[in-house]
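Accompanying notes for the structure given below.
Computed from the coordinates by the stated procedures, all read-outs in this text should not be read as laboratory data. Everything numeric in this text was worked out from a predicted model, so none of it was measured. All Cβ positions, even for glycine, are placed from backbone atoms using ideal geometry, and neighbour counts span all protein chains on display.
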Amino acid sequence: MQEGVGNPDFKNEATYSEMKYPDVGFRLLSLYRYWNIIQYYFPYKNLIEEDWKNVLTEFIPKFVDAENEIEYKLAVLELIARVHDTHANIWGQDIALTNYWGVNYAPLEIKFIENNAIVTDYFDEKFGLETGLIIGDNITKINNELVSDIVKRKLKYTPASNYPTQLRDLAKKLLRTNDTTLNIEFERNGKSEITNIKTFSTKEINIYSKYQNNDTCFKFINKEIAYINNGTLKREYLPEIWEEIKNTKGLIIDIRNYPSDFPIYNLSKYLMPKSLPFVTFSNGNIKTPGLFTYTKSLNVGNKNKKPYKGKVIIIVNEISQSSAEFHAMAYRVNSNAIVIGSTTAGADGNVSSFYLPGNIRTMISGIGVYYPNRTETQRIGIVPDIEVKPTIEGVKDSKDELLEKAIELIEEEK
């Protein structure tokens, strides 16, 4: 076990990196290795919702019968998906899987809004406009296949803790292809249209541009409402920022992102009047494999005679994952805090990575993370006090409906 944290360290498992398509013996080793790691060192085996022994029996023929590299890796992906852990996937650049999903991308950002595949942005504005699709269009078919059928077909190869997070990840892959064009059927204002759109390699469009141009970590919505982007907030900024925030009517903490720092304790000391418990963990055991024990709760906040008196609105959604969820758990301890948004990714805690034969890098959530009363966070995620989801009309009007709700809650009279 890792010192200090207690998550398992699988450092002795060989990678067999020279094998792109291992023979049947090594493929079975891959299955047995993964099965045993989950059986004895996965803190959330009780949440899998099926008898893990039966999964082994089911997958033996899948691993034996895999006739090539991609069939083997898809079998691995399908196995990983059965543990329902957003931390668990095949990570890193894998050429076979890249080719399976497609090396080219349409210049359109897609998200599932109201259970529809909606165009929400362009990866490249010039190429995006050239497609003829606009923000708010609902894509219903891709290459003559219903989007709903594509989702059903590929869901088993999309590991995640819950369905909204599976859709989050599938949306990024819907418009990938190895061709230079895609045939798209879409709906706009109740009418269906069909068009062919060009696709591009990652050398031609930057699919990560949106995440590389983060907004400032702090601003005022108006003179009474402060806003913090938890994804770009740095601990060192807080003393100066807090002087401007401390007397405001409300503070919005946006956690629809992943922290670039770990400001959890620094910010909490301003929010809480005293030290308060917010989380407890469970750790596995080397001497008794399969045994997990709870730890003492961790606290946030210090004795503070002048804690923040305004409302604290915490915004989360399916992008909020792992450390982001951990931060949300801490900030919501504030007595004036309200969490709004939707189901988070439901995967918290330090990860343990390991390799399967064929140099397949994967990982699991290595410790259990719970509220102090031992309520689960895995799969469930951070449950909002008020559920707010984007709407198609809101996307069309370029509204941030979650942010608007946060402002509304602060401006309400107590």
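At a 10 Å Cβ-Cβ cut-off, how would you order PHE10, PHE123, fewest neighbours first? Intermediate results must be reported in sequence, preceding the final value.
Values: PHE10 15, PHE123 21.
Ordered by Cβ neighbours within 10 Å, fewest first: PHE10, PHE123.
Where is the GNM fluctuation largest for the chain (alpha-carbon springs, 10 angstrom cutoff): GLY346, GLY25, GLY102?
Maximum fluctuation in the GNM of the chain, among the listed residues, is at GLY25.
Which order do SER297, SER192 fall in if you start with the one that has the fewest other Cβ atoms within 10 Å? Can you show the working numbers first?
Working: SER297 16, SER192 11.
Ordered from fewest to most neighbouring Cβ atoms within 10 Å, SER297, SER192 come out as SER192, SER297.
Hey, got the dipole for the stretch 211-289? About the Cα centre, +1 on K and R Cβ, -1 on D and E Cβ, debye to the nearest 20?
Working: 10 positive and 8 negative charges, 65 e Å.
The dipole of the stretch 211-289 has a size of about 320 debye.
Using a 10 Å cut-off around each Cβ, can you sort ILE197, ILE382, ILE135 from fewest to most neighbouring Cβ atoms? Write down the numbers at each step before the final one.
Details: ILE197 19, ILE382 26, ILE135 16.
Going from least to most buried by this count: ILE135, ILE197, ILE382.
Expressed as a fraction of 2.2 N^0.38 Å, the rule-of-thumb size for a compact globular protein of N residues, what is the C-alpha radius of gyration of the stretch 1-129?
1.32
Please report, for the Cα atoms of the stretch 70-141, the Rg to one decimal and the Dmax as a whole number; what are they, in angstrom?
15.6, 41
For the stretch 183-329, compute the orientation-averaged projected area of the C-alpha convex hull (one quarter of its surface), in nm².
Values: hull surface 63.3 nm².
For the stretch 183-329, averaging the hull's shadow over all directions gives 15.8 nm².
Per-residue HN-Hα couplings for the stretch 395-404, Karplus 6.51 cos²θ - 1.76 cosθ + 1.60 at θ = phi - 60°, whole Hz, x for Gly and Pro?
Per residue, the Karplus-derived 3J(HN,Hα) values read 4, 4, 8, 6, 8, 9, 5, 6, 5, 4 Hz.
With r as the distance between the Cβ atoms of LYS152 and THR57 and R0 = 22 Å, compute the FRET efficiency 1/(1 + (r/R0)^6) and round to 0.05. Display every interim value, and only then the final one.
Working: r = 24 Å, r/R0 = 1.11.
So the FRET efficiency works out to roughly 0.35.
For the stretch 154-263, what is the convex hull volume of its Cα atoms per residue in Å³?
Considering the Cα atoms of the stretch 154-263, their hull volume per residue is 197 Å³.
In deg cm²/dmol, rounded to 500, what helix-only [θ] at 222 nm does the chain give when every DSSP H run of at least 4 residues adds -39500 (n - 2.57) and the total is split over its residues?
Working: 13 runs with 120 residues, N = 414.
My calculation for the chain gives -8500 deg cm²/dmol from helical runs alone.
Under a point-charge model restricted to the Cβ atoms of Lys and Arg (+1) and Asp and Glu (-1), what is the dipole moment magnitude of the chain relative to its Cα centre, in debye to the nearest 20? Provide the component values of the computation, followed by the final result.
Values: 50 positive and 54 negative charges, 276 e Å.
Dipole size: approximately 1320 debye.
Can you tell me what the convex hull of the Cα atoms of the stretch 256-414 projects to on average, as an area in nm²?
On the way: hull surface 51.7 nm².
Mean orientational projected area (the stretch 256-414, Cα hull): 12.9 nm².
List the residues, sorted by chain then number, that are 5 or more residues from GLU204 or on another chain and whose placed amide H is less than 5 Å from its amide H.
Close amide H contacts, sequence-distant or interchain: none at all.
Would the stretch 352-413 count as rounded, prolate or oblate if I go by the C-alpha gyration tensor, calling it rounded below 1.5 in a/c and otherwise prolate when a/b exceeds b/c, oblate otherwise?
oblate
Select from the stretch 114-176 those GluC sites (Glu not before Pro) which occupy a DSSP coil region and have at most 14 other Cβ atoms within 10 Å, ordered by residue number. Spell out each step's value before the answer.
Numbers: sites: GLU114, GLU125, GLU130, GLU145; in loops: GLU114.
In loop regions of the stretch 114-176 (DSSP not H, G, I, E or B), the sparsely surrounded GluC sites (Glu not before Pro) are GLU114.
Name the long-range amide H neighbours of PHE218: under 5 Å, sequence gap of 5 or more, or other chain; modelled H, no Pro or chain starts.
When sequence neighbours closer than 5 places are left aside, the close amide H contacts are ASN229.
What nm value, rounded to one decimal, do you get for the distance between GLU376 and LYS219 when each label is placed 7 Å out toward the C-beta?
3.9 nm
Would you kindly work out the equivalent ellipsoid of the stretch 104-200 from its C-alpha gyration tensor and give its semi-axes, the square roots of five times the eigenvalues, largest first in whole Å? Write out the running numbers ahead of the final one.
Numbers: eigenvalues 84, 42, 34 Å².
Working from the Cα gyration tensor, I get semi-axes of 20, 15, 13 Å.
Measuring from label point to label point, each 7 Å out along Cα→Cβ, what is the LYS203 to GLU404 span in nm?
Placing both labels 7 Å along Cα→Cβ, they lie 4.3 nm apart.
Which lysines have a Cα less than 16 Å from the Cα of LYS269, not counting those fewer than 8 places away in the same chain?
LYS234, LYS246, LYS303, LYS305, LYS306, LYS309, LYS311
Any idea what the relative contact order of the chain is, in percent, if you count C-alpha pairs under 8 Å spaced at least 6 apart?
Numbers: 852 pairs, mean separation 80.8, N = 414.
Here the relative contact order equals 20 percent.
Taking a spot 7 Å from the Cα of THR140 along the direction of its beta carbon, which residues of the stretch 108-129 have an amide N less than 20 Å from it?
110-120
Over the stretch 104-200, calculate the relative contact order: mean separation of alpha carbon pairs under 8 Å at least 6 apart, over the residue count, as a percent.
Working: 161 pairs, mean separation 32.7, N = 97.
Here the relative contact order equals 34 percent.
Assuming a strict under-18 Å limit between Cα atoms, what lysine pair count do you get for the stretch 104-200 once near-sequence pairs (fewer than 8 apart, same chain) are dropped?
20
Could you check the simple spin-label distance between ASP179 and ILE286, using points 7 Å along Cα→Cβ, in nm with one decimal?
5.5 nm
Just subtract the alpha-carbon distance of THR98 and TYR265 from 0.36 nm times their residue separation and send over the number in nm, one decimal. Don't skip to the end; give the middle numbers.
Values: separation 167, 0.36 × 167 = 60.12 nm, distance 3.91 nm.
Result: 56.2 nm gained on full extension.
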